[in-house]
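The values are calculated or read from the model by the stated rules, or taken from the named source; none is laboratory data. Since the structure is predicted, the reported quantities are computational estimates derived from the model, not experimental observations. No Cβ is skipped: glycine too gets one built from the backbone with ideal geometry, and neighbour counts run over all protein chains shown. To get the accessible areas, we keep the full protein, side chains included, count just its heavy atoms, and leave off ligands, DNA and RNA. Shrake-Rupley method; radii C 1.70, N 1.55, O 1.52, S 1.80 Å.
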Amino acid sequence: MTSPRWRHLALAVMALAALGAVTMSTAAAASTEGTLSGTTIKGDVVTTLLSLPPSTVGQVDRSTVTATVGGRDVDVEMVAVAARSRAVVLLVDTSGSMRSGGLEGAKRAARVLAQQLPADVRLGVVSFSDRPRVLVRPTTDRAVAERAIDGLVARGETSLYDGVIAAVKAAGTDGDRRLLLLSDGGDTVSGASLDQAVRSLGSVTLDAVAFRTDESQSSVLRSLASAGHGRVATASTSTALTGAFADTAAEIASQVQLRVRVPSGVTGSVPLVVTAAVGDGTVTARTVLQLLHGAAPVPGTVNAAGLRTHQIRTSVMVATPWPLIASAFAVVLVSVLLISAPLLEGTSKKRTRQLELYSLQGRRGTALPVAGPSTGLVVEAAQGLVQRTGKEASSALRLDRAGMALRPAEWLVLQVTIALGTGVVLALLGRSVWLLLLGIVLGLVVTEVYLRIKVRRRLRSFERQLPDVLNLVASSLTTGFSLHQSLDAVAQDATDPISTELFRALAETRIGADLTDALDRLAERMDSENMRWTTMAIRIQQQVGGNLAETLRTTSATLREREQLRRMVRGLSAEGRLSAYILIGMPIGIFCYMLLTNGDYISLLWTTFLGWVMLALAFVGMVVGSFWMSRVVRVEV
């Protein structure tokens, strides 16, 4: 049997354990969690908003508020919350699933929220059904917000994720921002995903009220509330909705702005703990600060313990996707180098390497290095594609006119590589598949425009050089040179593009071609009407005789006068061309500006039938206007 002494000891231990359990449960019940939001750091001063639980509103003794940073006690200064520094956006589900009594209850609850919020808190209203609609941007005018609430109508599908993103944009970027979401969580038509909606929240607090319907998906609302450092309340009646909204208003009304100074020597990841006495217990709010030199706060996250963690932006490279962009650019650059390695060879080296294949030097010894398998396969595939389209000859002519030593297949590979690289960079910047497609189209358009500009500049340069070259040829003929010798002498002293083209024409004569035929092909290759006239004059002189030098001088003088007249006309029409550029670019510029500053307003152009009609008419009008203005300022000489 157990001795009385051991029995008494066991009873004493059990009594102590029971007393400890009661004490711990009492302490746990008396300790309540608050939240810290809108935390900013300037130098060594931390400013934050302390939000008290609705159950403790009016019970907190503000004189008992204390704080510690990194375990060290710091003085707490309570200051008035800055006017208009807080914004609440009411995000209401107005889809058809809310029709059966849910929306009417939401309206009543929203009116209570509008009436009980502090007067300096800005209130906005966003609804979402088939698409999100920003009805009222955050404002202190409660009458405007209440009129928007009264006009809510339930119909259509549910674009919850798009609605969250639109509400975050409407909330702005400054101050303490909070979303109050009422929905059943059943998204059906959003263009964005749940991950995109979560990423858009950033430092915005999101509290969700889950209304029970047949399409309820509380897990979605919990994910959003977790990312937005808020809570989820469940309501199945209008009374419960009103209570949830009233609790949010009371919590916001009880917010206290605190200012503490970080002790010297405290750096790194440190906790900020704020406590205050409430009745017989305490309210405790915690956050984790990353204190680094020259840092500035960025949106926070919630750790496993439910504590809000505010990270610190230590550099631009950490807070932006520039490392990913740089990596993508490096990958694209390496791809360009690997795929287009043969394209980067000098023209002379490429021609020498090709000729060596037909010489004894190129056939003895070890094989000549060639492009790798991947390069060969890519270029061969592009070559087959170009041949099937039937545009190989025209593409080769354009590249020739641009002075680019590339084959059509090589140019196609380069175009596709640049387009893919542009798409990857834009997709990383905007994190959207649509931006990937836009980047690919943009890359193809830019490379095409580049080729056209290069062709046009080279042809114009040829036309400007031609009169001077004809004068030099005429002078050489006067000294006793033949036409062939004169052209060769001039080609050696002239600059590109006319020197390159004359050398090509002379090279044709060395393998048996007639000089005038070679010059005809030069004129066709450079699409030069002036060169055609010059060749015609040379051909006529060869057939009927005469002074070729004098003929070339006359031709040169005529071409020079035409060029002077063309420049004068271009100068006189400069004002008209500038007006055309402004009139064409102004609608596009205004559209882009509105898209960045007021996307919801401009989105009516592609979300409504009337908007599509207006876009079509605007496009047709701009095309017709551009063509008409180009004809007006264009003068043929």
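Looking at this structure, is GLU561 within 25 Å of LEU466 (Cα to Cα), in a helix (DSSP H, G or I) and among the acidic types (Asp, Glu)? When the stated conditions are applied, GLU561 passes them.
Taking LEU578, is it open to solvent by 80 Å² or more (accessible area, probe 1.4 Å), without any contact (Cβ under 8 Å) to a residue 40 or more places away in the chain and not small (Gly, Ala, Ser)?
It is true that LEU578 is open to solvent by 80 Å² or more (accessible area, probe 1.4 Å), without any contact (Cβ under 8 Å) to a residue 40 or more places away in the chain and not small (Gly, Ala, Ser).
For the range 516-524, the count of residues that are modelled with pLDDT under 85 and under 26 Å from ARG562 (Cα atoms) is zero. Is it the case that the range 476-495 has a residue that's in a loop (DSSP other than H, G, I, E, B) and closer than 25 Å to ARG398 by Cα? Scanning the range 476-495, I find at least one residue that is in a loop (DSSP other than H, G, I, E, B) and closer than 25 Å to ARG398 by Cα, so the answer is yes. Of all residues in the range 585-592, none satisfies being surrounded by fewer than 16 Cβ atoms within 10 Å (Cβ to Cβ) and part of a loop (DSSP other than H, G, I, E, B). Test ASP75 against the stated conditions and say whether it is among the acidic types (Asp, Glu), touching a Lys or Arg at 6+ places or on another chain (Cβ under 9 Å) and modelled with pLDDT of 80 or more. Here the answer is yes, as ASP75 does meet what is asked.
The set of residues in the range 230-254 that are open to solvent by 50 Å² or more (accessible area, probe 1.4 Å) and farther than 22 Å from LEU52 by Cα comprises SER236, THR237, THR239. Residue count for the range 108-132 under the criterion of being of a type in the set (D, E, K, R), surrounded by 18 or more Cβ atoms within 10 Å (Cβ to Cβ) and not in a loop (DSSP other than H, G, I, E, B): the result is 1.
Return the residues of the range 566-590 that are at pLDDT below 85 and either of a type in the set (A, V, I, L, M) or under 30 Å from PHE128 (Cβ atoms) (or both); say none if nothing qualifies. Result: VAL569, LEU572, ALA574, ALA580. Criterion applied to THR500, THR535 was being among the β-branched types (Val, Ile, Thr), assigned to a helix (DSSP H, G or I), touching a Gly at 6+ places or on another chain (Cβ under 9 Å) and surrounded by 14 or more Cβ atoms within 10 Å (Cβ to Cβ), and the one residue passing it is THR500. If the condition is being modelled with pLDDT of 80 or more and open to solvent by 20 Å² or more (accessible area, probe 1.4 Å), then the range 204-229 contributes ARG222, SER223, SER226, ALA227. Per the listing THR267, THR248, the residue uniquely under 30 Å from GLU104 (Cβ atoms), of a type in the set (S, T, N, Q), touching a strand residue (DSSP E or B) at 6+ places or on another chain (Cβ under 9 Å) and at pLDDT 75 or above is THR248. If you go through the range 136-157 and pick out every residue that is of a type in the set (A, V, I, L, M, F, W, C) and surrounded by fewer than 20 Cβ atoms within 10 Å (Cβ to Cβ), you end up with 3. Looking only at the range 451-459, decide whether some residue is open to solvent by 50 Å² or more (accessible area, probe 1.4 Å), aliphatic (A, V, I, L, M) and modelled with pLDDT under 90. Checked against the condition, which is being open to solvent by 50 Å² or more (accessible area, probe 1.4 Å), aliphatic (A, V, I, L, M) and modelled with pLDDT under 90, the range 451-459 yields no hits at all. Restricted to the range 158-177, and to residues there that are hydroxyl-bearing (Ser, Thr, Tyr) and under 17 Å from GLY96 (Cα atoms), the residue that is surrounded by the most Cβ atoms within 10 Å (Cβ to Cβ) is THR158. Every condition in (1) of a type in the set (Val, Ile, Thr); (2) more than 30 Å from GLU550 (Cα to Cα); (3) surrounded by fewer than 20 Cβ atoms within 10 Å (Cβ to Cβ) is met by VAL425 except one, and the failing one is (3).
Considering only the range 431-450, I want to know if a residue exists there that is among the aromatic types (Phe, Trp, Tyr) and either open to solvent by less than 90 Å² (accessible area, probe 1.4 Å) or in contact (Cβ under 8 Å) with a residue 12 or more places away in the chain (or both).
No, the range 431-450 has no match at all.
Checking each residue in the range 130-167 for being of a type in the set (Gly, Ala, Ser) and within 21 Å of ASN598 (Cβ to Cβ) picks out ALA145, ALA148, GLY151, SER159, GLY163, ALA166, ALA167.
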